[in-house]
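For reference, the structure is listed below as structure tokens.
The values are calculated or read from the model by the stated rules, or taken from the named source; none is laboratory data. Source: prediction; values computed, not measured. When we count neighbours, we look across all protein chains shown, and the Cβ atoms used for this are built from the backbone with ideal geometry, even at glycine. To get the accessible areas, we keep the full protein, side chains included, count just its heavy atoms, and leave off ligands, DNA and RNA. Shrake-Rupley method; radii C 1.70, N 1.55, O 1.52, S 1.80 Å.
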Amino acid sequence: MNSSLQFELPEELQQLRELVRDVVRKEVVPNRMHYDENNEYPKAILQKFKEAGLYQALFDEEHGGLGYGMMGGIVLAEEVSWGCLGVNTAFTSTKLGALPIDVGGTKAQKDKWLPLLASGEKTAAFGLSEPGAGSDVPAMATTAVKKGDRYVLNGTKQWISSAGQADIYTVFAMTDKDRGPRGISCFIIEKGTKGFSFGKKEDKLGIRCSETRQLIMEDCEIPEENLLGGKENMGFLHAFKTLILSRPAVAAGAVGLMQGAFDAAIEYAREREQFGTTIASFQAIQHMLADMAIKIEGSRLLTYKAGVYAETFHKDAAKFSAMAKCYASDSSVQVASDAVQIFGGYGYTKEYPVEKFYRDAKILQIYEGTSQIQRNEIAAGLIKDAASKNKKG
């Protein structure tokens with residue numbers, strides 16, 4: 001579980017890492033296959049996380065958190081994903097759902113909702129994607145119409161992590177279709193609101209303990225004070241800022257998954273004997289391990305840099321967040337695949353954890369922006385930078 005090359009993090013983050021590792025070893029690793037095989041939401045594990053103060057570690061001190069900032073979230077995602085990416089998705093979906101409030105909410109909205117999420121008393125989810133508008137956000141069909149002192153929402157959100165389990169949802173809807181993406185607003189919806197329901201639980205390839213459902217709004221009325229930021233047509237900006245901050249955390253989840261797969265593979269390679277010697281002595285295996293380690297450490301360094309940039313909204317934050325998410329996600333699929341290969345036939349069975357790492361890894365290339373969309377954003381940033389340099393020259 002120890003990286004061979006790590007940043008010297010502040011002492012409080014090193015202590016956080018050790019705390020999370022201890023909780024993950026005790027609560028996640030022994031139970032991950034149970035939750036995976038039963039497609040079961042890990043309520044008991046998340047309760048342990050709450051008791052250990054891990055939700056607090058995701059939020060700032062002003063709203064009842066521990067104030068560890070972006071790097072605290074990255075440490076959490078990395079260490080929890082070492083044990084199980086599905087548990088990490090179920091856990092960090094609360095932070096994802098809270099981010100629009102964090103970056104765009106009024107003081108009253110922040111004071112009302114964020115302390116509840118920081119304590120773990122309530123959990124949250126993020127509702128952006130739709131059946132016909134995943135990567136193509138401007139194609140959003142969900143609408144919100146102002147009626148007196150309320151908004152009426154109609155539409156469906158797709159692929160929503162923790163839908164049905166979360167208590168609070170940040171949901172995006174069109175308030176002015178004529179303005180395209182500049183006509184999107186964000187709303188806070190509480191579970192139990194009339195006209196707000198959930199679709200069937202998806203039966204997924206991986207991250208099976210993280211529930212994924214539709215959000216369905218049928219004449220769903222919410223009070224106008226639940227319009228995020230108190231202003232219409234600011235939702236695209238809220239979503240953009242949210243994804244800049246969330247993508248390094250997704251990359252950190254990929255790093256943690258890779259580290260878990262690598263640790264299992266190298267331990268097995270040192271024990272498994274073939275032709276009278278351990279397979280770790282074979283150059284072919286050594287090269288695989290070396291390539292895996294390169295991908296892990298490269299991803300970790302890029303992720304940490306993206307996290308630092310995102311926290312300060314550096315001018316290159318969007319580009320580096322996309323780079324980290326893309327590179328770490330793609331690398332995680334290859335590293336997990338190599339881990340299965342090193343285990344051979346045993347790696348294809350549920351007796352060992354690497355088949356689960358392999359199944360889980362695939363979602364990293366898909367959710368919160370596919371690897372192809374990340375490349376689009378990276379290229380756009382590079383071309384913009386080149387044009388800017390040319391003007392100055």
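One table, with the values for the structure above:
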| read-out | value |
| --- | --- |
| Flag if S371 is in contact with an Asp or Glu (Cβ under 6 Å, 6 or more places away or on another chain), modelled with pLDDT of 95 or more and either buried (at least 16 other Cβ atoms within 10 Å of the Cβ) or not hydroxyl-bearing (S, T, Y) (or both) | yes |
| I207 being more than 24 Å from S371 (Cα to Cα) and either among the small types (G, A, S) or surrounded by 18 or more Cβ atoms within 10 Å (Cβ to Cβ) (or both) | no |
| Candidates T106, T123, filtered to the one that is open to solvent by 10 Å² or more (accessible area, probe 1.4 Å) and under 30 Å from K48 (Cβ atoms) | T123 |
| Matching residues, segment 165-182, being more than 13 Å from L153 (Cα to Cα) and among the polar types (S, T, N, Q) | Q165 |
| Flag if A336 is in contact with a Phe, Trp or Tyr (Cβ under 6 Å, 6 or more places away or on another chain), more than 20 Å from L245 (Cα to Cα) and either surrounded by fewer than 23 Cβ atoms within 10 Å (Cβ to Cβ) or in contact (Cβ under 8 Å) with a residue 60 or more places away in the chain (or both) | yes |
| Condition check for D178: open to solvent by 70 Å² or more (accessible area, probe 1.4 Å) and at pLDDT 95 or above | no |
| Entirely in segment 1-82, the helices (runs of 4 or more DSSP H) that have 3 or more residues that are closer than 24 Å to A163 by Cα | 32-37, 43-51 |
| Pick from segment 374-393, criterion of a type in the set (S, T, N, Q) and more than 23 Å from the chain's Cα centre (by Cα), ranking: modelled with the lowest pLDDT | N390 |
| Inter-residue pairs, beta-carbon under 8 Å, first open to solvent by 60 Å² or more (accessible area, probe 1.4 Å) and in segment 141-157, second β-branched (V, I, T) and outside any strand (DSSP E or B), 6+ apart | V145/T175; K146/T175 |
| Segment 221-232: number of residues that are surrounded by fewer than 23 Cβ atoms within 10 Å (Cβ to Cβ) and in contact with a Gly (Cβ under 6 Å, 6 or more places away or on another chain) | 1 |
| Lone qualifier among I168, I160, I188 - being buried (at least 16 other Cβ atoms within 10 Å of the Cβ), modelled with pLDDT of 95 or more, closer than 27 Å to E377 by Cα and in contact with a helix residue (DSSP H, G or I) (Cβ under 9 Å, 6 or more places away or on another chain) | I160 |
| Of all residues making up segment 96-135, the number that are of a type outside the set (G, A, S), part of a helix (DSSP H, G or I), over 15 Å from Y367 (Cα atoms) and touching a helix residue (DSSP H, G or I) at 6+ places or on another chain (Cβ under 8 Å) | 12 |
| Only listed residue being surrounded by 18 or more Cβ atoms within 10 Å (Cβ to Cβ) and basic (K, R), chosen from R25, R32 | R32 |
| Set K384, K389, K362, K350: member being open to solvent by 80 Å² or more (accessible area, probe 1.4 Å) and not in a helix (DSSP H, G or I) | K350 |
| Candidate set: segment 233-276, residues that are among the basic types (K, R) and under 20 Å from M70 (Cβ atoms); chosen: the one surrounded by the fewest Cβ atoms within 10 Å (Cβ to Cβ) | K241 |
| So I294, is it β-branched (V, I, T), farther than 30 Å from S197 by Cβ and surrounded by fewer than 18 Cβ atoms within 10 Å (Cβ to Cβ) | yes |
